[in-house]
Amino acid sequence: MAIKADRWIREMSLGRGMIEPFEDRQVRHGVVSYGLSSYGYDIRVADEFKVFTNVYNTVVDPKHFNPQSFVDIKADVCIVPPNSFALARTIEYFRIPRDVLTVCLGKSTYARCGIIVNVTPFEPEWEGHVTIEISNTTPLPAKIYANEGIAQVLFFQSDEVCEVSYKDKQGKYQAQRGVTLPKI
């Protein structure tokens, strides 16, 4: 019989440090929910944001990214301008096992407000704070609450380990801390 998903996530986090800090239950009252759910984990956004600005009128180029394209904000609330975006990071630090892949999806509470969260999958043996892109698709300013839920991580465990993990490839975002800008 397969182990229940929430029990597996709890055991991997408390016993092996897969998610730190780890919230053993879903926190819901008065906040955008976060913590352990039935088949995943709702991650929180930290209070560090990089809000996109067009003040220098630069071209967005992933190969030659200009850090001046962002304004740094450290606050409990971040206002994302209309039709713009911000980068942020999770409070949680992840250590993904070699036989696990995750998929991260935005929370419906934000999606219903026109706020889209984009995060790539966490590959086997990747570790670090997750850099999150938060897009405001509306013509109005959008409010993001630090220290509350921003997305849900779903875990997929294979019956065997991968041949080449993110750690084996010496991935450029391995062990990232803080909000990490694009790298080539």
Cα-based Lys proximity count in the chain, under 21 Å, for pairs eight or more positions apart or on separate chains: 14
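Using only DSSP helix segments of four residues or longer, with each worth -39500 (n - 2.57), what per-residue ellipticity at 222 nm results for the chain after dividing by its residue count and rounding to 500? Don't skip to the answer; put the middle values down first.
Numbers: 2 runs with 16 residues, N = 184.
Only helices count here, giving -2500 deg cm²/dmol.
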C-alpha long axis of helix 5-16 to longest principal axis of the chain, angle in °: 90
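Counting residues in the stretch 1-130 as N, plug N into 2.2 N^0.38 Å and put the Cα Rg over that result. Write down the numbers at each step before the final one.
On the way: Rg = 16.8 Å, N = 130, 2.2 N^0.38 = 14.0 Å.
With N residues counted in the stretch 1-130, Rg over 2.2 N^0.38 Å equals 1.20.
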Euclidean distance of C-alpha centroids, the stretch 92-154 and the stretch 1-70, integer Å: 5
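Can you tally the net charge around GLY114? Count Lys and Arg as +1, Asp and Glu as -1, for every other residue whose Cβ sits under 14 Å from the Cβ of GLY114. Before the final figure, lay out each step's value.
Values: positive: LYS107, ARG112, LYS143; negative: none.
Computed value for this residue: +3.
Under unit Cβ charges (Lys, Arg +1; Asp, Glu -1), what dipole magnitude, rounded to 20 debye, does the stretch 1-139 have relative to its Cα centre? Don't jump to the answer; show the numbers that get you there.
On the way: 15 positive and 17 negative charges, 62 e Å.
I would put it at about 300 debye.
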Size-normalised alpha-carbon gyration radius of the stretch 1-49, reference 2.2 N^0.38 Å: 1.23
Directionally averaged projected area (convex hull, Cα atoms, the stretch 51-184), nm²: 8.7
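Pairs of alpha-carbon atoms within less than 8 angstrom and 6+ residues apart define the contacts here; what relative contact order does the chain have, in percent? Please list the in-between numbers first.
Values: 420 pairs, mean separation 48.0, N = 184.
Result for the chain is 26 percent.
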Rounded D (µm²/s) - the stretch 71-129, Kirkwood Rh over Cα pairs, Stokes-Einstein at 4 °C, 1.567 mPa s: 95
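Every number here is computed from the coordinates shown, using simple stated rules; none is lab data. The structure presented is a predicted model; accordingly, all values stated were derived computationally and were not measured. When we count neighbours, we look across all protein chains shown, and the Cβ atoms used for this are built from the backbone with ideal geometry, even at glycine.
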